[in-house]
Every structure is written in structure tokens, then in C-alpha cells.
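J.: Submitted below is the structure of interest, expressed as C-alpha cells.
FYI, it's all coordinate maths here, none of it is from the lab. The shown structure was predicted, so the numbers you read here are calculated from the model rather than taken from an experiment.
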Amino acid sequence: MVNQVKDLYGNACQVCTTRLRYKRRPYSEAAHIRGLGSPHDGPDELANLLCLCPNHHVLFDGLEIFIDVDGYVKKTHGGESLGRLHRNASHRIDDEHLRYHRTLCDLNRLTGK
């Protein structure tokens with residue numbers, strides 16, 4: 001599934017469309033929207049994955065950015081928009097996983113961490 005999400009986007013970040021190369025090969029990261037394992041118990045499936053550059057992967061996992069209900073990527077603190085999340089028509093992203101991630105970002109914002 002990791003390779004599948006990367007192939008869908010040609011290794012381009014869904015946030016910024018950057019296509020990195022590392023050791024003369026395309027480089028991107030598959031990010032789980034709802035984390036695997038306890039306490040999040042997210043599934044390891046395509047509907048729970050995004051293709052991101054390393055910078056946006058760290059920000060997403062660190063709850064510094066989220067995807068709002070309209071599909072825009074926003075900063076958790078201040079709400080500044082980074083633009084619309086790039087989507088491939090054949091990539092179904094589960095809205096429940098996005099909602100779960102937004103809840104974590106709200107908690108992060110409220111606690112000031």
C-alpha cells in the first residue's frame with residue numbers, strides 16, 4: 001500500500017507537490033492519517049494513507065497541520081491555509097480518519113503544545 005499511494009501521486013507531496021530525489025531516485029513518504037497501533041488503532045489501508053514530503057509528514061504527524069472538512073491543509077495554530085490537498089480521483093481517503101486527526105490537532109491547539 002505504501003508504494004501504491006506513492007505511485008498514485010508520482011511521489012509528489014499531496015500538500016506542496018514537491019517531488020524529491022534522493023540517491024537519484026524519487027523519494028516520498030507514506031503517512032498514516034490515523035496512526036497504527038495503540039492508542040489510535042488506525043488501519044493499514046490505502047484510505048488511511050497520504051503521500052507526503054518529509055517536511056509535511058513531520059508536521060502532519062506532529063499535529064501542526066490538518067486537513068479541514070473542505071479539503072484544505074491548514075496550520076493547527078492560527079489556521080493559515082497551505083492550499084487544497086492534492087487528490088487523485090482513484091484515491092479514496094476515509095473522512096473518519098481525517099476527522100480523528102483533526103480532533104487530535106484540536107487537542108494539541110487547546111493544550112498549547
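J.: Among the aspartates and glutamates, which fall within straight-line cross-link reach of Lys75, defined as a Cα-Cα distance under 14 Å, with same-chain neighbours fewer than 8 residues apart omitted?
T.: Reachable aspartates and glutamates: Asp61, Glu64, Asp106.
J.: Here's a follow-up. Could you run the Karplus curve 6.51 cos²θ - 1.76 cosθ + 1.60 with θ = phi - 60° over segment 19-30 and give me ³J(HN,Hα) per residue in whole Hz, x for Gly and Pro?
T.: Values per residue, Gly and Pro as x: 10, 7, 10, 9, 6, 6, 10, x, 9, 8, 10, 8 Hz.
J.: If you don't mind, another one. By its C-alpha gyration tensor, with a ≥ b ≥ c as the square roots of the eigenvalues, how is segment 56-110 shaped: rounded for a/c under 1.5, else prolate for a/b larger than b/c, else oblate? Mind dumping the intermediate values first?
T.: On the way: a/c = 1.89, a/b = 1.48, b/c = 1.27.
Prolate, because a/c is 1.5 or more and a/b exceeds b/c.
J.: Output the relative contact order of the chain, whole-number percent, from Cα pairs under 8 angstrom with separation of 6+ residues.
T.: Working: 182 pairs, mean separation 28.4, N = 113.
It comes to 25 percent, rounded to a whole number.
J.: Non-local amide H neighbours of Tyr72 (under 5 Å, H modeled in plane, Pro and chain starts lacking H): which ones?
T.: It is Leu85, by chain and number.
J.: Shifting gears a bit: Starting from 0 in steps of 5 Å, tell me what percent of the Cα-Cα pairs of the chain lands in each bin.
T.: P(r) over the chain, rounded to whole percents: 2, 13, 23, 26, 20, 11, 4, 1, 0.
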